[in-house]
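Heads up, the thing below is written out as structure tokens.
The values are calculated or read from the model by the stated rules, or taken from the named source; none is laboratory data. For clarity, every value in this text was computed on a predicted model and none was experimentally measured. Every residue, glycine among them, receives a Cβ derived from its backbone with ideal geometry; neighbour counts consider all protein chains shown.
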């Protein structure tokens with residue numbers, strides 16, 4: 001394994017420029033060495049100052065869901081005091097379930113399911129999207145700050161995942177939130193006890209992982225603490241090309257208590273990733289309506305008269321049912337084990353996060369928190385697209401090539417062929433953020449106020465280079481040259497040419513092509529200020545009010561061919577929030593309501609030259625939270641309505657321009673029940689229903705459910721028991737869980753109709769033998785070997801049944 005790590009790391013270093021390499025040597029290596037030296041010098045500590053430290057637990061039988069958070073409201077609030085709905089998934093649950101990636105973590109939150117997947121190995125367009133309240137969101141918050149870069153999904157440095165529901169721009173802005181909410185990743189921080197934990201695992205499809213967590217006090221006074229998390233992860237593909245993903249992750253962190261008023265924290269994360277032959281997908285973008293437009297343009301470009309074009313397109317399929325022969329993805333009988341390309345299509349990426357915090361206690365009532373964050377990422381690799389083609393495409397192209405348009409064979413409904421496309425990408429991402437918060441806990445008369453006043457500056461710079469080719473040498477669209485289409489293959493019968501879709505041939509096309517590289521990018525600056533106050537009118541009655549102002553500056557889209565920025569714009573936005581909480585039984589039952597808002601900056605202008613304003617969302621929500629039996633039985637029931645206004649849509653009176661009067665509505669119900677039934681029995685259950693619709697939109701989707709809204713019905717359950725007082729099973733733990741995701745829409749538009757992906761149930765289970773200092777675990781992912789495809793417009797095959805064994809040690 002050491003040889004594999006060394007070889008992978010050396011290959012990755014080659015693509016990092018000298019400046020980044022020097023920077024990493026100055027920052028990362030000394031951090032690791034410092035931790036190692038301290039380990040040899042520091043004596044074991046017998047005491048722990050804080051009861052809330054994030055230690056590594058082998059058994060993990062304590063509460064697995066947090067009931068208090070400072071980052072959700074940027075104010076320390078108990079869940080029952082917070083008018084917003086959220087789920088805080090702790091590292092204890094991660095340990096208990098024995099999971100290693102963030103996709104599995106967020107499934108524990110009600111109403112959260114996997115949506116689309118980004119391009120493998122891409123720092124800007126990669127990462128997983130999740131459905132929340134009818135909208136897509138990603139893990140873009142890190143310790144409450146912006147982390148607008150594709151997140152590598154390993155859990156090694158995760159202390160807690162906070163899934164925050166609904167528009168949340170007042171406290172978090174627009175860059176990392178969606179109208180359905182946001183997901184905040186809280187990292188591990190050092191504590192005073194010396195400890196070392198090692199987790200080693202191996203499993204099906206060449207899965208192998210080693211994780212190390214080393215926590216060390218640096219000095220005898222324990223005012224300077226260090227913690228280093230390291231993980232190496234290799235996951236092979238379940239497809240036929242033998243691909244894999246490798247990650248090396250290093251995360252040193254430090255905490256320094258300068259005096260009784262000042263504390264300094266530093267969190268660092270570095271990740272190097274290599275993706276080989278991963279990211280299989282099937283795209284359904286060529287619907288009958290789109291296909292007719294393409295064919296009309298293709299024929300017109302070849303001088304075919306308009307009347308003849310109309311005759312051809314009128315005979316083509318008009319709906320998905322007519323074109324593909326079905327409205328269900330399951331009827332295509334797609335083989336999830338087929339990759340359709342060679343594993344030498346490799347993508348590489350590196351990311352770096354630096355986050356520093358200085359906390360200063362101004363008085364007993366006020367404190368200051370100054371946060372600085374720097375993020376950098378780069379990548380290079382190949383984007384692959386597999387577009388499923390209706391059979392009619394072959395006949396139309398054959399008629400065009402032969403010149404016999406009158407004798408076109410329109411074929412039979414179905415999709416026997418796939419177009420293979422590729423582009424090569426190189427990206428660079430850089431951002432920095434400075435945030436200043438003042439937190440107060442004070443009284444005005446007899447009324448308690450918990451307040452945050454904040455200032456925030458965020459800067460982001462991205463640059464992307466895409467290399468295209470004119471397919472005129474190795475392949476085409478059924479013999480017709482078409483940009484970026486490598487070739488078409490028959491997916492209904494064996495084909496020995498599947499693996500000729502590979503790097504050397506593609507690079508040859510890029511080099512010989514007459515198509516110039518596309519270079520574009522953008523610079524964004526956001527200036528923000530916000531205030532939020534939670535007022536205790538009585539012990540049982542709380543009201544919350546907050547307001548944010550954002551000034552958004554987009555320099556424009558960078559045009560690399562002309563070396564200039566185009567279409568820059570400035571926008572301003574206000575984002576208020578209000579909430580009320582009444583506890584009829586103090587610390588037991590909480591009745592809450594909230595009004596929360598969000599916004600999204602959009603560029604462009606209407607036919608009169610008026611620049612568009614930000615798009616806005618408004619949520620009204622009410623519900624009940626409860627915590628019985630000393631907090632061992634908790635839950636939330638809520639109903640929400642989210643309305644989006646000022647959406648940009650095509651002007652129905654002038655299709656060459658857009659107007660900004662579109663609306664969308666998303667409403668639903670969510671329930672969460674968490675029970676520590678006994679000391680050793682944990683039960684979690686969640687259910688979510690969502691109804692989403694375009695109320696005023698382009699005619700092709702008006703009145704329809706957005707494909708990005710996910711499933712209407714979702715449910716999740718997890719049950720875990722630790723045997724403590726039985727002779728036969730003593731120290732064993734068993735756990736099982738399931739996620740149900742209802743029917744989802746892959747395509748849904750007029751006049752094509754809908755293409756549906758069927759409902760699925762994902763079942764996972766584990767058994768372990770647990771002692772305080774070690775643990776042996778066997779986990780089975782996708783126990784029933786369900787054939788699962790996720791996503792919209794493009795669908796992605798999910799992992800078949802996988803058995804993983806692991807050993808965890810704590811010293």
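Observations
- Boolean, residue 598 is more than 30 Å from residue 538 (Cα to Cα) and in contact with a strand residue (DSSP E or B) (Cβ under 8 Å, 6 or more places away or on another chain): no
- Flag for residue 255 being closer than 30 Å to residue 192 by Cβ, out of contact with any helix residue (DSSP H, G or I) (no Cβ under 7 Å at 6 or more places or on another chain), at pLDDT 95 or above and part of a loop (DSSP other than H, G, I, E, B): no
- Residue in region 218-237 that is in a loop (DSSP other than H, G, I, E, B) and under 24 Å from residue 379 (Cα atoms) present: yes
- Those strands (runs of 3 or more DSSP E) of region 80-186 in which at least 2 residues are free of Cβ contacts under 8 Å to residues at least 60 places away in the same chain and within 15 Å of the chain's Cα centre (by Cα), considering only elements entirely within it, cover 128-132.
- Conditions (1) in a helix (DSSP H, G or I); (2) touching a strand residue (DSSP E or B) at 6+ places or on another chain (Cβ under 8 Å); (3) modelled with pLDDT under 90: number failed by residue 286: (1)
- Of all residues in region 399-416, those satisfying the criterion of being surrounded by fewer than 16 Cβ atoms within 10 Å (Cβ to Cβ) and part of a loop (DSSP other than H, G, I, E, B) are 403, 404, 409, 412.
- The condition (being closer than 24 Å to residue 280 by Cβ and at pLDDT below 90) is satisfied by just one residue among 344, 327, 333: 333.
- Yes/no for residue 320 being free of Cβ contacts under 8 Å to residues at least 60 places away in the same chain, farther than 22 Å from residue 494 by Cα and crowded, with 17+ Cβ neighbours inside 10 Å: no
- Single condition residue 347 does not satisfy, out of (1) in a loop (DSSP other than H, G, I, E, B); (2) within 30 Å of residue 499 (Cβ to Cβ): (1)
To keep it simple, each residue is scored yes or no on (1) more than 21 Å from the chain's Cα centre (by Cα); (2) over 25 Å from residue 99 (Cα atoms).
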residue: 711; (1), (2): no, no
residue: 721; (1), (2): yes, no
residue: 730; (1), (2): yes, no
residue: 735; (1), (2): yes, no
residue: 738; (1), (2): no, no
residue: 746; (1), (2): no, yes
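- Taken over region 523-566, residues that are closer than 30 Å to residue 440 by Cα and either at pLDDT below 90 or not in a strand (DSSP E or B) (or both) amount to 4.
- The one condition in (1) modelled with pLDDT of 95 or more; (2) over 23 Å from residue 350 (Cα atoms); (3) out of contact with any helix residue (DSSP H, G or I) (no Cβ under 8 Å at 6 or more places or on another chain); (4) surrounded by 20 or more Cβ atoms within 10 Å (Cβ to Cβ) that residue 239 fails to fulfil: (1)
- Selection within region 417-442 - more than 30 Å from residue 523 (Cα to Cα) and surrounded by 17 or more Cβ atoms within 10 Å (Cβ to Cβ): 417, 418, 419, 420, 439
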